[in-house]
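Reading through the structure tokens given below for one structure.
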Amino acid sequence: MDTDTTDCESPRRVSRRAWPSERHTEPMLLRDIARATLASLVHLLKTVKVGHRVADSRIAAWICGEGAVVARLRGGSQAIVLANDYNGRCLYLWGDSDPRITAVVDAVLREGDTALDIGANLGVVGLFAAHRVGSTGTVHFFEPQPLAASCLRTSLLVNRYSSAHLHECALSDSSGFATMTILDPGNYGMTTLAAPTEEPAAPLRTIRVRTEPAGEFIASLGCAKVTMIKIDVEGHEPIILASMRKWLAEAHPAVILFECYLNNLAFQEHDSVRILSEIGYEFYGFDMKPLWKTRLIAVNERQHPAGRDFVAVLWHELDEDRRNAIQAMVN
């Protein structure tokens, strides 16, 4: 037998050369294990805060890496998110982005209700709402960013939410196209149709998105009764609410969760607040101090809680069960 191995590799060496990607597989597998382990630990945090701080840490960003992952949300849904995005990482690791918001959704929505998620992003609020209203209810998502909308569309398929509808447009005051500014490339939620209020240190990326007049478009959906609306559009809320004013006055959705950038104005002087006040809404802010529970504080001229998120309520549009659920949160 010829035993000359001068021109031959040993079987072991041939085997390792035959799989050039093997050296990359082990680190990827270890990262997947580390990422899943961290998510399991952070999911154990039942607080209304802290989780998002973990997700924003450098070590969490390093462990999570990049790419699409499936987030297990606290409301029972699954979401397709991006691990290198702040919101996506928060949903993957914590199962929520702000449990205070979803606590209000839980208190308001029931089987068969209709809800609107305006500025849905990756859909944490809308997906929670879709799970809550069930197959007999309806949720309309509005998200103009192609990447976020693509993730959300897949999430709806994964969860089999056949009564949830995604509208890939930005609600505004007119039909057409507009420039959307990405304020933070590491956070797809930080995009706005409003002009940036501060001069950026570096040029900001922009995308062109389709716009629709909010009032007309929502009226065209033909919803018999909308129970809850969530609006989070990074400063464009007053324009949307102004477009919706006539529809709001007729439809009377019971609860509106909205973000409000006061920009040194008194709360009552803000356009969003003035529009909703004229229709009869009462306002509540979130108490940011509690660690374990959601607490609402009535907003008035003497009292204004920290934060940008507010809850507008038409009490007479709520049945006793929902009134009690919200009042249990009021300080």
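Secondary structure note: in the chain, about 55% of the DSSP beta bridges are antiparallel.
Extension gain for L204-A61 works out to 49.3 nm (0.36 nm per residue, less the C-alpha to C-alpha distance).
Output the pairs from K246/K293; K46/K225; K225/K289; K46/K230; K46/K289 with a Cα-Cα distance over 26 Å in this structure; if there are none, say none. Over 26 Å apart, Cα to Cα: K246/K293; K46/K225; K225/K289.
For A120, enumerate residues with amide H under 5 Å from its amide H, sequence gap 5+ or separate chain, H modeled in the peptide plane. Distant-sequence amide H within range of A120: F142, E143.
So what is the 222 nm mean residue ellipticity for the chain from helices alone, if each DSSP H run of at least 4 adds -39500 (n - 2.57) and you divide by all residues, rounding to the nearest 500 deg cm²/dmol? So the helix-based figure for the chain works out to -11000 deg cm²/dmol. Per the Debye formula on identical point scatterers at the alpha carbon atoms of the stretch 22-97, with no solvent, log10 I(q)/I(0) at q = 0.13, 0.19, 0.22, 0.26 Å⁻¹ is -0.34, -0.70, -0.91, -1.24. Placing +1 on the Cβ of every Lys and Arg and -1 on the Cβ of every Asp and Glu, with no other charges, gives the stretch 22-97 a dipole of roughly 320 debye about its Cα centre. Under 12 Å from the Cβ of M228, count the other residues' Cβ atoms, weight Lys and Arg +1, Asp and Glu -1, and hand me the total. For residues surrounding M228, the net value is +1. Rounded to the nearest Hz, the phi-derived 3J(HN,Hα) couplings of the stretch 106-111 under the Karplus curve 6.51 cos²θ - 1.76 cosθ + 1.60 (θ = phi - 60°) are 5, 6, 8, 8, 9, 3, where x marks glycine and proline.
Among residues other than A219 with Cβ under 15 Å from its Cβ, the summed charge is -1 (Lys and Arg +1, Asp and Glu -1). In the Gaussian network model of the chain, springs joining C-alpha atoms below 10 Å, which of M28, M288, M244 carries the largest mean-square fluctuation? In the Gaussian network model the winner is M28. Using only alpha-carbon positions in the stretch 289-331, the gyration tensor eigenvalues give semi-axes of 20, 14, 8 Å once each is multiplied by 5 and square-rooted (largest first). Taking D32, D96, D309 in turn, the Gaussian network model of the chain (Cα-Cα springs below 10 Å) assigns the largest fluctuation to D32.
Going from the residue with the fewest nearby Cβ atoms within 10 Å to the one with the most, R205, R323 rank R205, R323. Rounded to the nearest 20, the size of the Cβ-charge dipole of the chain about its Cα centre is 840 debye, with Lys and Arg at +1 and Asp and Glu at -1.
Projecting the Cα positions of V81, C223, I239 onto the charge dipole of the chain (unit charges on Cβ atoms of Lys, Arg, Asp and Glu, taken about the Cα centre) puts V81 furthest along the positive direction. Structure remark: mean-square fluctuation, Gaussian network model of the chain, C-alpha springs under 10 Å; the largest value among T179, T102, T211 belongs to T179. Applying 1/(1 + (r/R0)^6) with r as the Cβ-Cβ distance of F177 and R323 and R0 = 41 angstrom yields a FRET efficiency of 0.45. What residues of the stretch 44-86 lie in the reach of a label at D32, counting those whose backbone N is under 13 Å from a point 7 Å from the Cα along Cα→Cβ? Answer for this model: 68-70.
Between V70 and D184, full extension at 0.36 nm per residue minus the direct alpha carbon distance yields a gain of 38.8 nm.
Shape class of the chain from the Cα gyration tensor (axes a ≥ b ≥ c, square roots of the eigenvalues): prolate, since a/c reaches 1.5 or more and a/b is larger than b/c.
Each value in this text was obtained by applying a stated rule to the coordinates, not by laboratory testing. Keep in mind that this is a model prediction, so the values were computed, not measured. Here Cβ is always computed from backbone atoms with ideal geometry, including for glycine, and neighbour counts include all displayed protein chains.
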